[in-house]
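Chemist: One structure is given below, represented as structure tokens, and several questions about it will come after.
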Amino acid sequence: MDYPKLVHPDYHELLPGCAAAIARGEKIGPNEELRIIMREGEEKWLYITSTNATYEGEPATLVEATDISEKKEMEEALRESEKRYHMIFESVGETICFFDRNLKLIGVNP
């Protein structure tokens, strides 16, 4: 498998170090989020974890990849929503105050 074609170009610099660690049977990274490119050209986000293992009596690294593309899309949608909210909040002509459940002031528009 040609891994550099799978891994998004933003992460190509990580490949040699990860490949070397795996070859030595070492755990890679703590946990990583990275983008890959599917055969059809679609980008996906993966959450990568690894652990040391033994395979046929030799040290190995077991790598697990979980598709987190939907989570990343939701996070981006939330960021965009927050931007729109702040734009409206800061541009409205009336004073708007936000209080928490204990009636502590937590926000006032400019």
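The values are calculated or read from the model by the stated rules, or taken from the named source; none is laboratory data. Note that this is a predicted model, so its numbers are computed, not measured. So basically every Cβ, Gly included, is an ideal-geometry build from the backbone, and we count neighbours across all protein chains shown. These area figures cover heavy atoms from the full protein model, side chains too; ligands, DNA and RNA do not enter into them. Shrake-Rupley method; radii C 1.70, N 1.55, O 1.52, S 1.80 Å.
Chemist: Under a 1.4 angstrom probe, counting protein chains only, how are S50, S91 ranked by accessible area, largest first? All intermediate terms of the calculation are to be shown ahead of the outcome.
Modeler: On the way: S50 10, S91 85 Å².
I get S91, S50, largest accessible area first.
Chemist: While we're here: Simple spin-label model, 7 Å along Cα-to-Cβ: E40 to V92 in nm?
Modeler: The answer from the label model is 4.2 nm.
Chemist: Once both labels are modelled 7 Å past Cα along the beta-carbon direction, what's the E75-T49 spacing in nm?
Modeler: 1.6 nm
Chemist: Per-residue ellipticity at 222 nm for the chain, helices alone: DSSP H runs ≥ 4 residues times -39500 (n - 2.57), over residue total, nearest 500 deg cm²/dmol?
Modeler: Details: 3 runs with 36 residues, N = 110.
One gets -10000 deg cm²/dmol as the mean residue ellipticity at 222 nm.
Chemist: Evaluate the relative contact order of the chain (contact order divided by residue number), counting alpha-carbon pairs under 8 angstrom at least 6 apart; express in whole percent.
Modeler: Values: 136 pairs, mean separation 17.8, N = 110.
Normalised by residue count, the contact order of the chain is 16 percent.
Chemist: In the chain, how many lysine pairs have Cα atoms under 27 Å apart, counting only pairs 8 or more places apart or on different chains?
Modeler: 13
Chemist: How big is the accessible area of V7 in square angstrom, nearest 10, if you roll a 1.4 angstrom probe over the protein chains?
Modeler: Counting only protein heavy atoms, V7 exposes about 20 Å² to solvent.
Chemist: Filter the trypsin sites (Lys or Arg not before Pro) in region 49-107 down to the DSSP loop ones having no more than 10 other Cβ atoms within 10 Å, then list what survives. The partial results should precede the final answer.
Modeler: On the way: sites: K71, K72, R79, K83, R84, R101, K104; in loops: R101, K104.
Sites meeting the loop and neighbour criteria: R101, K104.
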